[in-house]
1. Residue by residue through the range 39-45, what is 3J(HN,Hα) from phi via Karplus (6.51 cos²θ - 1.76 cosθ + 1.60, θ = phi - 60°)? Round to whole Hz and write x for glycine and proline.
2. For a quick check: with amide H placed at 1.01 Å from N, whose amide H comes under 5 Å from residue 7's, ignoring anything fewer than 5 positions away on the same chain?
3. Rounded to the nearest 10 Å², what accessible area does residue 1 have for a 1.4 Å probe in the complete protein model?
4. Find the accessible area per residue for the range 156-200; the probe is 1.4 Å, ligands and nucleic acids are left out, and the unit is Å².
5. Leaving out ligands, DNA and RNA, what percent of the accessible area of the range 104-235 is carbon and sulfur, probe 1.4 Å?
6. Leaving out ligands, DNA and RNA, and with a 1.4 Å probe, what % of the accessible surface on the range 1-72 is carbon or sulfur?
7. Leaving ligands and nucleic acids out of the surface, order 180, 21 by accessible area at 1.4 Å, largest first.
8. Where a ≥ b ≥ c are the square roots of the eigenvalues of the C-alpha gyration tensor, would you call the range 12-158 rounded, which needs a/c under 1.5, or, failing that, prolate if a/b is larger than b/c, or oblate?
Amino acid sequence: MTERLAVIGDPVGHSLSPQIHMTWIDTMGLKASYESIRVPAGETAAALEDFARKKFRGLNVTLPHKQAVLKSVAEMSDAVKAIGAANTLSRLKDGGWRADNTDAPGLMAALARVGIQSVSGKKVLVLGAGGAARAALYALDKAGADLVVLNRTPDKAGAVIADCCAQQHRFGPLDDLALHAEKADLMINTTSAGHTGYHFELPPGKGRTFFDMSYGAPARAQLEHAREAGWEAADGLPMLVCQAAESFRIWFGGELPDIELALEACRETLKLHG
Ligand code: NDP
């Protein structure tokens, strides 16, 4: 039997997930398929029932369903409970769904790839307090980072810390960026500001890392500016591939699949299509 997998979202056509997972499925010779399926907002529960009926083995979940799926699952990991969102569903033996969130380990694996093996005791400045920030803050807090979270809407940053972190951390408006960036060992941009062509002005960052969760065209101007200012700058594509690898392991078990292979395939696609 061919195992069916899919990413669901709206929009979902731009997703690199099918390419990532099919790279692994093909190279491992697995009998599986991975589709991209548009599910409009408001249709989450009905879609999950349908996918369970059709015996899908697993789903990746993107906007606007990451929170909505939690109402329809039978089980969820502790990380999902704290983050309040899932990106990976696996069908249970009795037909229900289990929810996991692999964005958190995906971020930590991506940081390790740029030489940041531990954030314990490090000053980490996080920009943004949306969905991506929730998983990042959960992972960084758990790993012992000393966090400052700045957001266009500062109150949202406070609320996300309260929801996702066990420790207390400082938060404030993006206007304070220069002040906190001076002292940060690591800066992580989780905002979607780059999608409108905007980039944040950074102070000199020699010897420090600027990690942007965006990738492709939306990350370009910000990364270019960060490098000019002396930061070691990294994009979010390795995080995307690392979170996908964690999902793949949840569905198929065993070792993590080949990150470099899928990353290379994605870089080629972005070169062609932005
Ligand atoms: P959300 O819509 O949930 O959050 C957007 C965040 O960006 C909010 O904090 C918002 O502030 C802020 N923001 C938006 N526009 C601006 C602006 N012009 N100036 C300043 N702040 C702004 O998005 P997500 O968290 O889901 O995604 C954020 C980014 O992370 C996207 O680029 C996405 O592609 C990327 N991402 C990457 C992943 C990866 O694996 N690499 C995984 C998930 C996301 P406010 O609260 O004030 O509205």
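1. After applying 6.51 cos²θ - 1.76 cosθ + 1.60, I find 10, x, 3, x, 10, 4, 4 Hz.
2. Residues meeting the amide H criterion: 35, 36, 37, 60.
3. Per-residue accessible area (residue 1): approximately 150 Å².
4. I get 55 Å² per residue for this part.
5. On the way: 3030 of 6040 Å².
Reported share for carbon and sulfur atoms: 50 percent.
6. Whole-percent figure for carbon plus sulfur exposure: 53.
7. Largest accessible area first, the list is 180, 21.
8. Because a/c hits 1.5 or more and a/b exceeds b/c, the range 12-158 counts as prolate.
The values are calculated or read from the model by the stated rules, or taken from the named source; none is laboratory data. What you see is a predicted model; the values in this text were computed from it and never measured. Cβ: placed from backbone, ideal geometry, glycine included. Neighbour counts: every protein chain shown. Protein only, heavy atoms only, side chains kept; ligands, DNA and RNA dropped before computing areas. Shrake-Rupley method; radii C 1.70, N 1.55, O 1.52, S 1.80 Å.
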